[in-house]
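Trainee: I'd like to ask you about the structure that follows.
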Amino acid sequence: MATTITATRVPVKEINLKELYRVIKKRIWIIVLSTLLFTIIGGLLNSLPETPYYQASSRIIIPAESAESLGTFKVFIREPIVIERVLEELKLDRSIGALRSQVSVSNVDGSIITLVSATDPNPKLAVAIANATVDAFKAEVNAAFGLSGIKVLTEAEESQNPYPINPKSNRMLYVGVLAGFAIGIALAFLRDSLDDSLRSKRQVEQLLGLQVLGQVPKIKRKDLVKTFKHKSNQTVRGETIGS
């Protein structure tokens with residue numbers, strides 16, 4: 001016995017641009033209010049004072065026998081034993097973890113030159129931390145691994161006109177505008193989807209499957225009051241004439 005398989009075509013919902021425009025036009029106040037609100041919030045956040053941070057770097061060459069040992073020595077630069085020595089030398093009142101987060105290690109353009117950088121709100125202190133870290137590393141790596149051939153190419157120096165690495169920007173303001181606009185559109189369509197009222201003849205015909213023969217125009221309240229007053233005047237005048 002042959003089996004017949006009937007394929008059911010799933011209706012595809014078309015995007016009605018006129019309907020989207022109608023929703024946006026009707027709920028434009030939601031979009032404007034949301035955009036304005038988030039713009040104000042973004043402006044307030046953007047106006048908050050931000051602590052500027054300055055960075056100083058020292059360049060060194062580590063005489064490692066292999067890439068693996070070089071990686072080990074680079075990790076060793078930020079070890080607590082090195083950071084603790086820097087804290088003692090500079091007499092800083094902060095934790096090892098806090099100072100460790102201020103120190104970074106990287107390679108210069110993929111070469112064997114290692115860049116030891118320090119970041120701090122005080123540009124002079126950033127320079128001191130970078131140089132003290134290099135000195136502490138040289139002493140501790142020599143004691144731990146017997147490595148004494150580290151060469152300092154360039155020490156960190158204070159610039160005459162230090163420039164912060166986190167300059168002030170209007171990013172929060174722009175984020176507020178975009179977020180407010182997107183959320184406003186989402187709220188407009190959400191509110192429209194929760195509105196079950198019929199707005200056009202086409203919706204009535206689609207819902208009932210019948211053709212609409214006529215419709216009652218929308219009467220504004222002021223027109224209704226005006227009509228009521230007009231009829232009241234006519235009645236009063238009729239009674240006056242009849243008497």
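Trainee: Within the set 74/168; 124/168; 91/138; 74/124, which residue pairs have Cα atoms separated by over 28 Å?
Mentor: Distance filter (> 28 Å) returns 74/168.
Trainee: What percent do you get for the relative contact order of the range 79-199 when only Cα pairs under 8 Å and 6+ apart count?
Mentor: 18
Trainee: May I ask you to evaluate 6.51 cos²θ - 1.76 cosθ + 1.60, the Karplus curve with θ = phi - 60°, for each residue of the range 120-130 and list the ³J(HN,Hα) values in order in whole Hz, giving x for glycine and proline?
Mentor: Per-residue couplings from phi come out as 6, x, 9, x, 5, 5, 4, 5, 5, 5, 4 Hz.
Trainee: Another question, if that's okay. Within the range 10-81, report the GluC sites (Glu not before Pro) that DSSP leaves as loop and that have at most 15 other Cβ atoms within 10 Å.
Mentor: In loop regions of the range 10-81 (DSSP not H, G, I, E or B), the sparsely surrounded GluC sites (Glu not before Pro) are 14, 50, 65.
Trainee: Rounded to the nearest whole Å², what accessible area per residue is found for the range 50-97 with the 1.4 Å probe?
Mentor: 62
The values are calculated or read from the model by the stated rules, or taken from the named source; none is laboratory data. What you see is a predicted model, and the numbers here were worked out from it, not measured in a lab. Positions of Cβ are generated from backbone atoms using ideal geometry, with glycine treated the same way; all protein chains shown enter the neighbour counts. Side chains are part of the model used for accessible areas, which takes the heavy atoms of the whole protein and leaves out ligands, DNA and RNA. Shrake-Rupley method; radii C 1.70, N 1.55, O 1.52, S 1.80 Å.
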